[in-house]
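Only one structure is covered here, and it is reproduced in the block below.
The values are calculated or read from the model by the stated rules, or taken from the named source; none is laboratory data. Quick caveat: nothing in here was measured; it's all calculated off a predicted structure. Neighbour counts run over all protein chains shown; Cβ positions are idealised from the backbone, glycine included. What goes into the accessible areas is simple: the full protein's heavy atoms, side chains included, and nothing from ligands, DNA or RNA. Shrake-Rupley method; radii C 1.70, N 1.55, O 1.52, S 1.80 Å.
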Amino acid sequence: MAFDDALVALLRRAERVSVLTGAGVSAESGVPTFRDAQTGLWARFRPEELATPEAFRENPKLVWEWYAWRRELCARVAPNAGHLALAALERRFPTFRLITQNVDGLHQRAGSRAVVELHGNITTTRCFDDGGVVESWEELGEVPPRCPRCGGLLRPGVVWFNESLPPRALEAATEAAQSAEVFFSIGTSALVQPAASLPLLAHEHGAIVVEINPGPTPLSQRADYAIAGRAGDVLPALADLLGAL
Ligand code: OAD
């Protein structure tokens, strides 16, 4: 795979690299993306039916069961070559920030150490009423189960539409965008805010923005480089070229 010489030269001397990932990075592990026409999760479900606080209030059992299904799926699959290359690249650069919209934990399982999770993590559970993290509860057959502290309904520890992002994660992501020399946007449709504005913020602060995605997105025109390809092909080739593997 051929990369632009100027990009390779820049990466060889870069000290601060930040990466934003989305569902496309986990596609090759077998986790369906959200918006891809044939396989995307939103092709079968409407987001407002499943991924909002209103939907949970309306039909908590459906929402809980949908996330339970996704949680089991995420536990069954393994990190792919793209995740592994990102973990290797983390060790290659003095400062490397990995920001993900994914809730599947695959970056961590691949060995990435400092992962900023913008949309939470599907393995965690919170109380819908008091918002606190719940580590364990009694299975009494009720779906969703109840919070052992206050009796409220339990919900997945992910961020839904119409909810704010975890403030510390958003702060860390903003800082990572503002301080990067090179900012990668990988496997994301670049449609969901505020994550979608991070590459633009990085660009405003002087970063060279590189997109890796098999198809075009609203970012493609504005990125300095748009590499058309799958994360599992492009990232290992890049990591190899930079001596990270
Ligand atoms: P999307 O499903 O919107 O976009 C996935 C992107 O991955 C698309 O642009 C695909 O072209 C690309 N893609 C597919 N296969 C790929 C591969 N092998 N390598 C690289 N790219 C590939 O997913 P996100 O952008 O992550 O939020 O969606 C953002 C947020 O919207 C999600 O975090 C989720 C969703 O609603 C919440 O649940 C809050």
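Rounded to whole numbers, the Karplus 3J(HN,Hα) couplings from phi for the stretch 69-79 are 4, 5, 4, 5, 4, 4, 5, 6, 8, 10, x Hz, using 6.51 cos²θ - 1.76 cosθ + 1.60 with θ = phi - 60°, and x at Gly and Pro. Between the alpha-carbon centres of the stretch 2-81 and the stretch 101-116 there is a gap of 12 Å.
Tell me the Kirkwood radius of the stretch 3-112: reciprocal of the mean inverse pair distance over distinct alpha-carbon atoms, in Å.
On the way: mean 1/r = 0.0629 Å⁻¹.
When all Cα pairs of the stretch 3-112 are included, the Kirkwood radius is 15.9 Å.
By the helix-only formula, in which each DSSP H run with n ≥ 4 contributes -39500 (n - 2.57) and the sum is divided by residues, the chain has a 222 nm mean residue ellipticity of -10500 deg cm²/dmol. In the chain, taking the dipole from charged Cβ atoms about the Cα centre, the farthest positive-side position among Gly132, Ser26, Pro144 is held by Ser26.
In a simple Cβ point-charge model (Lys, Arg +1; Asp, Glu -1; nothing else charged), the chain has a dipole of about 280 debye relative to its Cα centre. Size descriptor for the stretch 127-184, Kirkwood hydrodynamic radius: 13.9 Å (Cα pairs only, one decimal).
In this structure the amide hydrogen of Arg230, modeled in the peptide plane, comes within under 5 Å of no amide hydrogen from residues 5 or more places off or on another chain. The angle between the Cα long axis of helix 231-241 and the main principal axis of the chain comes to about 40°, on a 0 to 90 degree scale.
When the solvent-accessible area of the chain is split by element, carbon and sulfur atoms take up 50 percent of it, the probe being 1.4 Å.
Taking the chain as a whole, the Cys residues whose C-beta sits 4.7 Å or farther from every other Cys C-beta are Cys74, Cys150.
Would you calculate the volume per residue, in Å³, of the smallest convex hull containing every Cα atom of the chain?
Working: hull volume 29.3 nm³, N = 245.
In the chain, the Cα hull volume divided by residue count equals 120 Å³.
Measure nothing fancy, just the Cα-based angle from helix 167-179's long axis to the longest principal axis of the chain, in degrees from 0 to 90, nearest 10. It is inclined by approximately 10 degrees.
DSSP loop (so not H, G, I, E, B), at most 14 other Cβ within 10 Å: list which GluC sites (Glu not before Pro) in the stretch 11-92 pass both filters.
Counting only loop positions with at most 14 other Cβ atoms within 10 Å, the GluC sites (Glu not before Pro) in the stretch 11-92 are Glu15.
Helix 81-92 axis versus longest C-alpha principal axis of the chain: approximately 60°, rounded to the nearest ten.
If you rank His119, His83 by how much accessible surface each has, with a 1.4 Å probe, what is the order from largest down? Working shown, then result.
Working: His119 30, His83 0 Å².
Ranked list, largest accessible area first: His119, His83.
Residues in the chain average 47 Å² of solvent-accessible surface per residue, probe 1.4 Å, ligands and nucleic acids excluded.
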